[in-house]
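Structure first, commentary second.
The values are calculated or read from the model by the stated rules, or taken from the named source; none is laboratory data. All values reported here derive from a predicted model rather than from experimental measurement. With ideal geometry, Cβ positions are generated from the backbone for all residues, glycine too; neighbour counts draw on all protein chains shown. Ligands, DNA and RNA are stripped out before the accessible areas are found, and what is left, the full protein with its side chains, is counted by its heavy atoms. Shrake-Rupley method; radii C 1.70, N 1.55, O 1.52, S 1.80 Å.
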Amino acid sequence: MMVRTNLVIAVVALGAPLHQLLQPVEQGLALGTVVDHAELTAQLQGSSDPNAKGALALLRLAEWMPEVETGAEEASAQRGIDAATTLILRGGDECTLCTAMAGFLASIGYPALVNASSGSIVVTPEGELDVTLRIRSEAAPAAEQARWPPRQSTADFAGSAYALAAFDGDLLGELAHSHFLVSGLMNGDTFEAELSGAALERNPAPMTGATCAAAVDLMVGAATKVVEQPASPLPGVSLLEAPPAAGTALGLDMLRLLESLSSEGDADALATLGDVYFHGNPGVGIRQDSEAAAGMWKQAADQGHTSAAMALAMLHMTTGAVEKAAPYLQQTAHDGQGNHKALAQHYLARYGLGRQRDPEAAGIHLREAADGGDSNAQLMLGHAYGGIEVEGVTPPGGVSKRHAQHYYQQAARSGRVLGKFNAAVLALEEQDARTDAKKCATIYNDLSEVVFSASRDLRLLGAMARRAMDVGNIQGAAVLSMLLSDMGHPMGHQNAAKIWRRSAGAKQEQEKSFLHCWAPKPGSNGPAEPEACSFHYWRRAAAAGNVDAMHKVSQALLQWGEDICAPASQAFYWMSQAAGRSDPRGVFEHAAMLERRGAAQQAHAAYVQLVSGSWPEKSHAGPEPPIEVRLAAAGALLRASFRYVLGDRTSTPPWTGCSCSWRAFIPAIPGWIWRWLRDAAVGLTVAALLYCVPARTVCL
């Protein structure tokens, strides 16, 4: 039995993180090279790391390794989900990644695990959390079951497994447990509610103050791990149907041009090529090489290039060679401009290079660089104002958490993950940060962005999913996207939904796959089908704020109707959420639903808003209503007006408050429509004259 306190603090996990265990995969994906699967398999099988079997289980589950092993591991030679389950059981409760993977299999409803396993979380009288877990599998050999102590319990197995992994410091467990809490996929108030079946079936609920307070500390622990990691060589997680983000990729033609110009001594080319070597560029086969970068920057600096001089000075200072940096700082302070000049003056005053140390002047120059937009200066000044000692710097006006928050937020806007993290942690120190639902949600979302944008584990999962999709391994792409969805990643929700939707039309592929949809439609007792899983992931995306997903969920509920015993109120709820985000289509569909429910006055007000162009202020609204939405709203308003004129006086006149000028539509209607209308009008007029005049009739 595992006992942990309510407050989850970042702890060191029992095993290595996923990206370390799968380092050859990460490097292969970054460099575009082929991974030796046999060597990686042998490495993981022979590893003493507790999480090695969890990593191997993930590879099996994602169908990432085509080789079939022989010898002592023949039981794991079977491919797919059963092989992954066997490895999870072999990992035992020391493998925190195995616990998280067991939670994932339970979350998607894998019957062999769900039918034989159970787990629960109970709040003790002392306020601690008592987590019990019993992991068994109908598909694994009986000998493997002993690896997990048979701790019998009831209730929510998926939530319990993720919670246990989180309390043991596993990053994936922390992310999944926090996502389950804030999304209402498990009961965060008592932890004792009976939640049977696949977690995927559960209807997400809005974040509350209680669930946020329970989850935000988990996210602090996860974000702390992420900001302490070296940067990932892989791009961020993105939609699989979209091309991968270009990032800082450099074309071969441009590289050849830079190399040619550099060989001729061009200072700008040398400085730029130095940047390329300093950061590395796997896309063109350049590994990170600080020594080569320093040589190029020196050549450029010797020609008077102040940006290269500043870059070289910063490189020397990061290695502790402050004296070597001095001449390049002096060059930049004398000849440089803008932020570089201010930052160079800061370092000269801070370290007393060629002058007396002057902490006050160092602080003033640092603020000048920070206010000019330099993200390094913004971070350092945030530290100084926040009371974190920055040697040789006195911030103007002294320590101030308000100023620290300001500069951390500025650094976050400049793309610095550490700035966003520190701003969130500072905000969390406010007295009501955990009790005020709105403040807590903002902090939680900021910390989530830190993890989702910078986590090496999540980037690795995203890159593996893209690679699987590129080579036609749809099953692997689905598994990895579903796992990202359980972590709460918005791209995971959307990718999983789209892959399952695609699977709905590929019956033969489904029959060959070991991965099936085990979560039926909401309220349905019928068999689970791929479109049901697509719906569940779209619903998660909708709960995360994706407006397009809100429309898809509402449409599916209306389409399925009585077949799934889903009340119309569920469809109405998701459409009201879209309307609440000022989505034009959502506003119209929501108004139509209101009209059918008898709330005609509210519906007419929405139609008027769409037709007359009285859209909310840009800062609070979505895009301007497209012409098709405005025309549909005009049609609805005209129908309501006819009904009113004919005697239906159940509401005020529908046109109330409408400055319904057709001029409002003119800019939105394409020119080809006007030309078509003009030509049609001319043609009809000529035809009428030819027909009516000879007959001397009057055409009405």
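With the simple spin-label model, which puts each label point 7 Å out from Cα in the Cβ direction, the residue 357 to residue 438 separation comes to 4.6 nm. The string of couplings for the range 454-459 from the Karplus curve (6.51, -1.76, 1.60, θ = phi - 60°) is 10, 5, 5, 5, 5, 5 Hz, one whole number per residue in order, with x for Gly and Pro. Taking a point 7 Å from the Cα of residue 259 along the Cα-to-Cβ direction, the residues of the range 17-51 with backbone N closer than 19 Å to it are 31-33. Distant-in-sequence amide contacts of residue 521, defined by a placed amide H-H separation under 5 Å and a gap of 5 or more residues or a different chain, comprise 529.
For residue 286, the residues whose modelled amide H falls within less than 5 Å of its own, excluding neighbours fewer than 5 places apart on the same chain, are 281. Ordered by 1.4 Å accessible area with all protein chains kept, 471, 425, 479 run largest first as 471, 425, 479.
The heavy atoms of residue 588 present about 40 square angstrom of accessible area, all protein chains included, probe 1.4 Å.
Largest to smallest in accessible area, the residues 167, 642 fall in the order 642, 167 (1.4 Å probe, all protein chains included).
Keeping every protein chain in place, order 180, 572 by accessible area at 1.4 Å, biggest value first, i.e. largest first.
Largest to smallest exposure gives the sequence 572, 180.
Reducing the range 398-477 and the range 329-374 to their Cα centroids gives an inter-centroid distance of 30 Å. For a 23 Å ceiling on Cα separation, which of these pairs sit above it: 298/324; 324/420; 498/521; 498/552; 439/552? Among 298/324; 324/420; 498/521; 498/552; 439/552, the Cα-Cα distance tops 23 Å for 324/420; 439/552. Extension gain for residue 402 to residue 227 (0.36 nm times residue separation, less C-alpha to C-alpha distance): 60.8 nm. For the range 250-352, the relative contact order comes to 18 percent (Cα pairs under 8 Å, sequence separation of at least 6). Extension gain, residue 639 to residue 414: 0.36 nm times the residue separation minus the Cα-Cα distance gives 75.9 nm. If R0 is taken as 41 Å, the Cβ-Cβ distance between residue 548 and residue 318 corresponds to a FRET efficiency of 0.40. Distance between the modelled labels on residue 203 and residue 45, one decimal in nanometres: 4.9 nm (7 Å Cα→Cβ projection).
Estimated at the nearest 10 Å², the accessible area of residue 314 is 50 Å² with a 1.4 Å probe.
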